1. Taking the stated definitions as given, is I139 closer than 30 Å to Y66 by Cβ and either away from the ligand (no atom under 15 Å from the Cβ) or outside the structural domain of E268 (by TED's automatic domain parsing) (or both)?
2. Go over the candidates V249, V195 one by one and state the one that is within 29 Å of S323 (Cβ to Cβ) and either open to solvent by less than 10 Å² (accessible area, probe 1.4 Å) or within 16 Å of the chain's Cα centre (by Cα) (or both).
3. Could you pull out every one of the helices (runs of 4 or more DSSP H) wholly within region 215-326 that has 3 or more residues that are within 14 Å of P193 (Cα to Cα) and away from the ligand (no atom under 11 Å from the Cβ)?
4. Conditions: (1) in a helix (DSSP H, G or I); (2) open to solvent by 40 Å² or more (accessible area, probe 1.4 Å); (3) hydroxyl-bearing (S, T, Y). S83 meets all but one. Number of the miss?
5. Among residues belonging to region 285-326 that are within 27 Å of R203 (Cα to Cα), modelled with pLDDT of 95 or more and of a type in the set (G, A, S), point out the one that is surrounded by the most Cβ atoms within 10 Å (Cβ to Cβ).
6. For region 44-78, enumerate the residues that are part of a loop (DSSP other than H, G, I, E, B) and open to solvent by 50 Å² or more (accessible area, probe 1.4 Å).
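The values are calculated or read from the model by the stated rules, or taken from the named source; none is laboratory data. Everything numeric in this text was worked out from a predicted model, so none of it was measured. All Cβ positions, glycine included, derive from the backbone under ideal geometry; neighbour counts span all protein chains shown. Side chains are part of the model used for accessible areas, which takes the heavy atoms of the whole protein and leaves out ligands, DNA and RNA. Shrake-Rupley method; radii C 1.70, N 1.55, O 1.52, S 1.80 Å.
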Amino acid sequence: MNGVILVTGGAGYIGSHACKALRLAGYTPVTYDNMVYGHDWAVKWGPLETADILDAAALDRVFARYKPEAVLHFAAFAYVGESVADPQKYYHNNVTGTLSLLAAMRRHACSRIVFSSTCATYGTPDVLPLTEDHPQRPINPYGHSKLMIEQILRDFDAAYGVKHAALRYFNAAGADPDGDIGEDHDPETHLIPLVIHAAQGRRSRVEIFGTDYDTKDGTCVRDYIHVTDLAAAHIDALRCLENGGGSVVCNLGTGNGFTVREVIGMVERVSGKKVPAFEGPRRPGDPHALYANAAKAVARLGWKPRYDNLEAIVETAWRWHESRKG
Ligand code: UFG
């Protein structure tokens, strides 16, 4: 039997899928979430502690009560546009919040953390696919906040022996294949749920942000990774740290890029519905293409993605959104 894992942001989209994966792997996930963006219905595989990572007393109480052997740290604000408009909010919550969490870990002798980093730490790519040694030059405060945390984690390893896995996610998408949980952001800004909402008639149409990029059909290319595969990588990372593997940084993507038009086409195929779409201007700050070389996660973590095709991603997402129509 494995032990207790503290999951900050465990009531969110990726965090809740990780809680399910933890439970299936024999761990007890304790969700620690301020419930600003989290959902009660997403907490199904362990207790919920409603508190903020900036609250040192609450962290002390939860660490003392559950004695977690490691932390999966998802809690963060993650709206790129908002981070440009209100950087203070992002640096305070993401960076100061992580420092508060790390300080609590040290007070309670917890020395392993798996951290949600992002491909947004790379900024605009020089070469594709992106490997972990590509220069990191974020182009927005959200990406900067995540890069700062990666640096903090390296320093905490060197000085205090806190071991980390920093996982640089590409575009998380899809839903739990059993239909237990799925993606539900408010506001929703991500492409796949927006296209699905348009197919369902819940929104009138979807805007394509830019059609003059240097890509095969002029629209942006992204690497969509199934949230269940993303969750599985956290279990692999946890085991790696448990086995004394040392701190590690890995990309989590599929290595395959799809254009915005290809995503719309896949939603139309899976749903059997026409998606009303219109062509708009570029969204500021969007690199033309982002896709990963994820070989390191496979080699170093032993990660085995199971749903690494766009059809499975869209199909599970479509079923989830259909089940929520009520
Ligand atoms: N897009 C549209 N129309 C929309 C929404 C998105 O055309 O209504 C396009 C975007 O321009 C982009 C692609 O669809 O090319 C995917 O956009 P998302 O907003 O779904 O995702 P991003 O690639 O912008 O963002 C993701 C993560 C962020 C992370 C970022 C790194 O969600 O957390 O990758 O670039 F910071």
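1. Values: closer than 30 Å to Y66 by Cβ: no; either away from the ligand (no atom under 15 Å from the Cβ) or outside the structural domain of E268 (by TED's automatic domain parsing) (or both): yes.
No; evaluated as a whole, the condition is false for this residue.
2. Values: V249 fails: within 29 Å of S323 (Cβ to Cβ).
Sole residue among the options that is within 29 Å of S323 (Cβ to Cβ) and either open to solvent by less than 10 Å² (accessible area, probe 1.4 Å) or within 16 Å of the chain's Cα centre (by Cα) (or both): V195.
3. Details: elements: 227-242, 260-271, 310-323.
Once the helices (runs of 4 or more DSSP H) in region 215-326 are filtered for at least 3 residues that are within 14 Å of P193 (Cα to Cα) and away from the ligand (no atom under 11 Å from the Cβ), what remains is 260-271, 310-323.
4. Against the list (1) in a helix (DSSP H, G or I); (2) open to solvent by 40 Å² or more (accessible area, probe 1.4 Å); (3) hydroxyl-bearing (S, T, Y), S83 comes up short only on (2).
5. A317
6. Kept after step one, since they are part of a loop (DSSP other than H, G, I, E, B), are these residues of region 44-78: 44-47, 51-55, 67-69, 74-78.
Of everything in region 44-78, those that are part of a loop (DSSP other than H, G, I, E, B) and open to solvent by 50 Å² or more (accessible area, probe 1.4 Å) turn out to be K44, L54, D55, K67, E69, A78.
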